[in-house]
Structure formats: structure tokens, C-alpha cells
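For reference, the structure discussed in these notes is given below.
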Amino acid sequence: MLRPRPTFVHGKLANRLEKRQVNQVLRGLALLLLICSCAPAPVRTAPFRARPDAVVAGDLRGPFTGRVIDAQGGSPVAGALVYAAWTYEIGAGLPQPGGFREAVASTDADGKYVVPVVTDAPVNAHLSDFVLVIYKRGYVAYRSDRRFADLGPRLDFAQLHNEVQLERWREDFSHARHLRYVGGGAAVTALTRWEAEDAIAELSGDRAGPGELIPNLGTGPYVVAAQLLTPADIKGQTRFDGNFETGPLGDEPDTSEYSSQHYKALGSPETFDVALRVWRSDAGGAQERYEELIGTLQAPDLTDEMASRSLRAVEGDVRGVAFLDGPRGLVVLLTCGENQCTSMDDAVALGHMIDDRIQQLWPLKEQP
């Protein structure tokens, strides 16, 4: 007669099985955490195609290849500067500049260029944009994101096997507008320095320009972000004793509808940086843009303490202030790192400075 085994044997066996399963789960979690810790920083979906003959989105990280030719004769353009810039951001609704990476190359005898993959991303930042600039004296520069003729978005750029047709420079083109279109970067600035004298002469009125520098401005003065806030304004409010490097943000160039300025604290982390973005439209368009901005923020505080409407917002280590100036059709967004603006009061004070300066630069005959 068979007798049943003591129940405690089954208990011990069950305990061993449970422990083994728990250990397997723990090892799996540890492996998952290791994989996540080694994963690359998030990358925004590229707004351009991988190849001219494909509809698949490209990769902002690269690599990038192409060929540069003369738009008139079709001959290769050798020795043209190829400047690549990757822009990183920290945060989502209140994006704070997270640094940038750049690469410099030139076209070979056949007009071909190669830009390698970017690898050393800044810590805790996500890749948000990529811009390729091709420049050679005697030609209109090429940007991967914008056209020179109307500053509209370029839709024919491809990551691989891209074809660039450089238009020859004409005397009726504006050097001031061309420099604004080309943008920054140490290598680009060095090569475009020769244009600065003609650009200054145009803007000062000493030399007749070819006409409107930025099309479709509408009424009122052309207000840009660099006019609205200076490094001295920031240092006077926050008591920061360092220095700033200033220039436009890498997201897109100045147009009739957008302008930006980045105040990068030299020798300090990004939490000391300040960024200013200005959108310009008509009254209805500005209202829509402001509502869109509210929708991107996490629990904004709608204070309405300046201009037509205003808000405060905090995301991570970034403090932000935004306001709508309805009569002028302006929307302004200021973001400030927590080490620069140690309290929200600092960011709000800078916002009031910007609002006051707008009213000085663009006075209205009748205040609403």
C-alpha cells in the first residue's frame, strides 16, 4: 500500500521553486535596468526623408551624405564649407537648451560631402534638431531647414544622397538678410565675416539695400528677441557674476514670425542658461499660438500679471514665464534654469523687463 509523502516535503519544494522564480525575476529586472541605463538619449523624429526616393523619415543623428552642384551649369562645387549642428534640449513643455554638437567638413573635387554620426550626446538631454549649412563665397548659402528666397521651410532635404543646387550670388541680394538666414557657428562666422561690412552699410542706411530684409512683416517694427533682454538685465536681477555667450537658438532661424536668443552661461551647466523665444503674428494668430503653448505645459499657473495674458510654469529644473501681447500680435516665452533664477520671482521680473521693452520699442497710439 502506497502512503502519501509528508506534506512538508511539498512545502520545501514549493519554497525552492518560488525562490528560483523570484531570483529569475530579479535578474531580469536588473538586466532591464542595465539596458535602460545604457540606452541612447531620446531623439525626435526627423522632419526630413532618409533618401530622396523614400518616404521613410531620416535619423537626426546621421550620417549625412550629398553632392553640391552649381544651379546654373550643374558642375560640382568643390571646397564649399559643410557645417552640421545638432541641438539638444532638456525638458518638454518648457524646453531649456541642453547643449549642442557640431561638425565641419568640405566638399571634395566632385562636390560630395560626408557628415558622420553624432555620438557624444550631453547628459540628460534629448536630440531635438539638426541643421546642415553649406556655404561658399559667390553663392547663396544652403540650409537643410529653410529656403533663402522666402525663408519658408525646405521640404526637399534628404539625409542620404542629398542634392544641393547652389544659386550664384546676385548684386540685388541683401547681405544683411543673407547673414541672418545663414545663422551662427564659429566656422560659418569666420567665412561670412567679409559680408558684415556690406550688411552694416545696408542696415545703417549708408548703402541702398535691395528692399525688405524680411518679407511679410506686416505693420509695426521688426522686434527680435535680442532687443528685448540683455545679459546685463539678467545679471542685474539674478546677481550672476559670470559671463554669457549669446546667439540664436538652434531650433530655427529668425523669420518674420519667429525670433530667439540663447544666453549661455560660460563655464557653467545648463541650469544657469536663459532662453527667449518670440513669435509674431496678427492678433488672432498670436491668440492661437498662446493657447497652443498653454496646452504643451504641465499645470501652468495662469496669473495674467503682464501684457494681455501671462502664465508661470515649472518643469524639472526650468522656470518659465510666457505672455501674450494681443494688440501687437506677440507671444513671448522666457525659460530660465533654476541656478540662474533661484526663485520664480526672478523669472517674473525678467518677464516684466521684456514686456516694458516691447512697449518702448513699439508704442501704441491707443492702449486697449
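The values are calculated or read from the model by the stated rules, or taken from the named source; none is laboratory data. Here the structure is a predicted model, which means the values were calculated and not measured. Here Cβ is always computed from backbone atoms with ideal geometry, including for glycine, and neighbour counts include all displayed protein chains.
Where residues in the stretch 137-156 are small (Gly, Ala, Ser) and modelled with pLDDT of 90 or more, which of them is nearest to Thr107 (Cα to Cα)? Selected residue: Ala141.
Among the residues of the stretch 163-178, are any closer than 22 Å to Ser259 by Cβ and touching a strand residue (DSSP E or B) at 6+ places or on another chain (Cβ under 9 Å)?
Looking for residues that are closer than 22 Å to Ser259 by Cβ and touching a strand residue (DSSP E or B) at 6+ places or on another chain (Cβ under 9 Å), one finds none in the stretch 163-178, hence no.
For the stretch 221-244, the candidate set comprises residues that are among the hydroxyl-bearing types (Ser, Thr, Tyr) and touching a Leu at 6+ places or on another chain (Cβ under 9 Å); within that set, the residue that is farthest from Asp282 (Cα to Cα) is Thr238. Quick check: is even one residue across the stretch 119-136 of a type in the set (Lys, Arg), closer than 21 Å to Tyr181 by Cα and at pLDDT 90 or above? Yes, some residue in the stretch 119-136 is of a type in the set (Lys, Arg), closer than 21 Å to Tyr181 by Cα and at pLDDT 90 or above. When you scan the stretch 32-45, do you find a residue that is at pLDDT 85 or above and within 30 Å of Trp169 (Cβ to Cβ), even just one? Checking the stretch 32-45: not a single residue is at pLDDT 85 or above and within 30 Å of Trp169 (Cβ to Cβ). Among all positions in the stretch 222-237, there is at least one residue which is of a type outside the set (Lys, Arg) and at pLDDT below 75.
In the set Thr335, Thr296, Thr271, Thr255, only one residue is within 20 Å of the chain's Cα centre (by Cα) and farther than 21 Å from Gly93 by Cβ; that residue is Thr255. Scanning the stretch 234-251 for residues that are under 23 Å from the mean Cα position of the chain (by Cα) and more than 13 Å from Ala265 (Cα to Cα) returns Pro248, Leu249, Gly250, Asp251. Selection of the stretch 272-299 for residues being modelled with pLDDT under 90 and either under 23 Å from Cys341 (Cβ atoms) or in a helix (DSSP H, G or I) (or both) yields Ala283, Gly284, Gly285, Gly295, Thr296, Leu297, Gln298, Ala299.
Scanning the stretch 60-108 for residues that are among the charged types (D, E, K, R), modelled with pLDDT under 90 and surrounded by fewer than 21 Cβ atoms within 10 Å (Cβ to Cβ) yields a total of 2. Is it the case that the stretch 191-212 has a residue that's modelled with pLDDT of 70 or more, in contact with a strand residue (DSSP E or B) (Cβ under 6 Å, 6 or more places away or on another chain), of a type in the set (A, V, I, L, M, F, W, C) and not assigned by TED's automatic domain parsing to the domain that holds Gly152? Looking through the stretch 191-212, at least one residue is modelled with pLDDT of 70 or more, in contact with a strand residue (DSSP E or B) (Cβ under 6 Å, 6 or more places away or on another chain), of a type in the set (A, V, I, L, M, F, W, C) and not assigned by TED's automatic domain parsing to the domain that holds Gly152. For beta carbons closer than 7 Å, sequence separation of 6+ or different chains, a first residue in the stretch 97-122 that is in contact (Cβ under 8 Å) with a residue 24 or more places away in the chain and more than 21 Å from Asn162 (Cβ to Cβ) and a second that is among the aliphatic types (A, V, I, L, M) and not in a loop (DSSP other than H, G, I, E, B), the qualifying pairs are Pro97/Ala275; Gly98/Ile90; Phe100/Ala85; Ala121/Leu127. Go through the stretch 138-178 and give me each residue that's in contact with a helix residue (DSSP H, G or I) (Cβ under 9 Å, 6 or more places away or on another chain) and of a type in the set (S, T, N, Q). Ser174 - this is the single residue of the stretch 138-178 that is in contact with a helix residue (DSSP H, G or I) (Cβ under 9 Å, 6 or more places away or on another chain) and of a type in the set (S, T, N, Q).
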